[in-house]
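The values are calculated or read from the model by the stated rules, or taken from the named source; none is laboratory data. These numbers were taken from a predicted model, which means no experiment stands behind them. Backbone-built Cβ (ideal geometry, glycine too); neighbour counts: all protein chains shown. Note: areas computed on protein heavy atoms with side chains; ligands, DNA, RNA excluded. Shrake-Rupley method; radii C 1.70, N 1.55, O 1.52, S 1.80 Å.
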Amino acid sequence: MQRLLLLPALVTACTVPEPIEPARFEQVGVVEGFYGPPWSHQDRLDMLRFMGRVGLTHYYYAPKNDPYHLSRWQEPYPDDAYRQLGELATVARAEGVTFVYAISPGGSIVYADTSDYGELLAKLDRVARLGVSDFALFVDDVPPQLQHAEDRTAYESLAQAHAALITRLHRDLAERGRTFAVTPTTYTNAWGDRAYLERLGALTPPEIPFFWTGIDVAAPEITAAQAAEWGELIGRRPLIWDNFPVNDFARWRLFLGPVRDRDPDLASAASGILSNPMNEAHASMISLATLAAYSSDPEAYDPEQAVADAMARLYSPEVASFLRPFAEIYGDDAFEHNVFEPLFIPANVLVLPPITEALAALQTGLEGLTAASEEDPDLAVLVSELEPFVTRTARRLDELRNDERWQSSGDSLVYRVESDRVTASRRDAGIAVDGDLREWSGTTWHPVGGAMHPEGPSMAALWREDSLYVAVDIPDDSPDGRGGHRVGEGDNVALVVQADTDPNRRHLDPGDQTVLLPGPPAAGAFAGRLPFRGFMAKYLADNRDLVWSEFMVSTFGDVAPSAEIRWGRAESGTGWTVEFAIPAAGRDRVRLSLSVMDVDDDGTRTTYTLASRNYPANPATFAEVVIEP
């Protein structure tokens, strides 16, 4: 018998190469990190069971409303809360979900204080007794400078202080067999100190994951190239904190669409992707199910098919048909124009037909869901989350239709801009901008806060040469609200002057000027520009109760003093006074936001505004000061 000889080269040529497995995320899941109304304990249990069902692997416990996670981080949990935390950890294990406990001490911790560190480690050790072996340190949304004298003495920078804490905590947790992740102070391309982040990455072990939200806080897209670029900066693959479908910044609406515009090969440049969900836990499950579908097969992922499959998987076909209007109307993302947005982010023209048609579709869908939920307790929970949005939207539409400040024009409502208009009379004599209001005698004064607050602050306006002069008289019987506060935290006057006279612009532009004056005797002021962009611009335009915080000013502000607006302030026998001189050459009007915050001795805050619907970062709501001809 003749033997067949196979030459090595021939064998090699006939060998079929092994297929290359696509990169997979090490972590896919949920980070409960939103602000506003919290989930209930039952919501969290339901979420963990849902995650196990659809294949989401990690749950980060980081609720902003949990004081023992945030403001009271040093303190042990009370017995009931500790027991509930243990139950969450137990259910997570049973569902195959990694439970990660996160802590946020950055608002008050003294990094150089060994006793503060000891309390931090003891807190995590106590949580570990519940069977938790995975932890995270969040130092996001804190001032970007060292706040304590001890830290400024011990460290050259915030990056060095954070690196020392992170490295020490990583070492101590690793010795105990525990993992550790970090959300740094700079966590997005949209703002923050890149030098801080680069230094932090160089000074900390590269195996510690760093969270990153993408090119914005709520990123319209996240690509592998973007993640790789950020990874170069931090010296490790980023762990994506995906702010979708979170709605804490837009409580008037839901986000029920699928995950979109995340690269198929994103796992090659990012270690994981964690979704920050809505305040509505069960409604969030629709979008979270699409995240599970995306992560399981990114190449074949079809967003529209994924959301349809999610509704069918979670509920019956009949229920899915009732949910479809919700998924379509709330299926956009934060950067798109939602049909209900003009109701809640003020504009001056409201086109009614699209709004009424969408609202009718939701009401019909809600009726079907409500009927179906009578025999389905799980569905009843979802209905309880959806119903307030339908009711609130209908109520808001009725309010505007019945508001005398709005007038009908065809199929639209148009805001009467004259409702928030003040006239500035001409003055020939000079005005010293020093806070002394004696030279304003005989001038017409207007309540800041309208007829509802006649006892509150008042303002007057005068025109001389090429400047508009504004005076504010502020009664104050609680001067303790003033002393020693940083910008925005105590009594203050905030003035935002629109660079143009367009009544329809809804976001601040780089040319708009802001002046923030703490009440005397507090020192300091901010004068400059706050050129918000992207997500932050839209979020702040929807925030009537905006308070200009130290974080906001230091993060976004052009802190070079403005020579264009002059001011003076003084104490009076009954409170304090302010004068502004605003350049207005070539104009017959100036659009501005004027608000006064009064902090009582007990910490109660009252904000008075010149315009009735004043949103300080939305020029469409500003008052108009018109100069007499």
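One table, with the values for the structure above:
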quantity	calculated
Given (1) 38.6; (2) 31.6; (3) 40.1, the label whose value is mean projected area of the Cα convex hull in nm² derived from this model	(1)
Cβ crowding within 10 Å averaged over residues, with 342-348, 376-382 ranked highest first	342-348, 376-382
Value of relative contact order over the chain, rounded to a whole percent, pairs C-alpha under 8 Å and six or more apart	11 percent
Whether region 219-376 is rounded, prolate or oblate, judged on the alpha carbon gyration tensor where a/c under 1.5 counts as rounded	oblate
Global geometry of region 124-249, whether rounded, prolate or oblate, following the gyration tensor of its Cα atoms and the 1.5 cut on a/c	oblate
Options 77, 607, 128, ranked by Cα towards positive dipole end of the chain, top entry (Cβ charges)	128
Extension gain (nm, one decimal) between residue 409 and residue 533, 0.36 nm per residue minus Cα-Cα	41.4 nm
Potential lengthening between residue 401 and residue 79 on full extension [0.36 nm per residue; Cα-Cα distance subtracted]	110.9 nm
Mean Cα-pair separation over length for region 532-629, i.e. relative contact order, pairs under 8 Å, 6 or more apart, %	28 percent
Global form of region 412-481, assessed from the alpha-carbon gyration tensor, a/c cut-off 1.5	oblate
Solvent exposure, largest accessible area first (probe 1.4 Å, DNA, RNA and ligands not counted), of 357, 232, 280	232, 357, 280
For region 511-570 and region 88-108, distance of Cα centres in Å	37 Å
Simple spin-label estimate for residue 176 and residue 571 in nanometres, 7 Å along Cα-Cβ	5.0 nm
Cut-off 12 Å between beta-carbons: net charge of the residues surrounding residue 172, Lys and Arg +1, Asp and Glu -1	+2
Label zone at residue 225 (point 7 Å along Cα-to-Cβ), backbone N below 18 Å, region 250-269	261-269
Dipole of region 74-168, positive end: most advanced residue of 164, 142, 99 [Cβ charges, Cα centre]	99
Per-pair calculated FRET efficiency, R0 = 45 Å: residue 129 and residue 502 via Cβ, rounded to 0.05	0.15
Förster radius 56 Å - calculated FRET efficiency between residue 351 and residue 195 (Cβ-Cβ, nearest 0.05)	0.75
Dipole axis of the chain (+1 Lys, Arg; -1 Asp, Glu on Cβ), positive-most option in 361, 463, 526	526
Computed magnitude of the charge dipole of the chain (debye, nearest 20; Cβ of K, R +1, Cβ of D, E -1)	840 debye
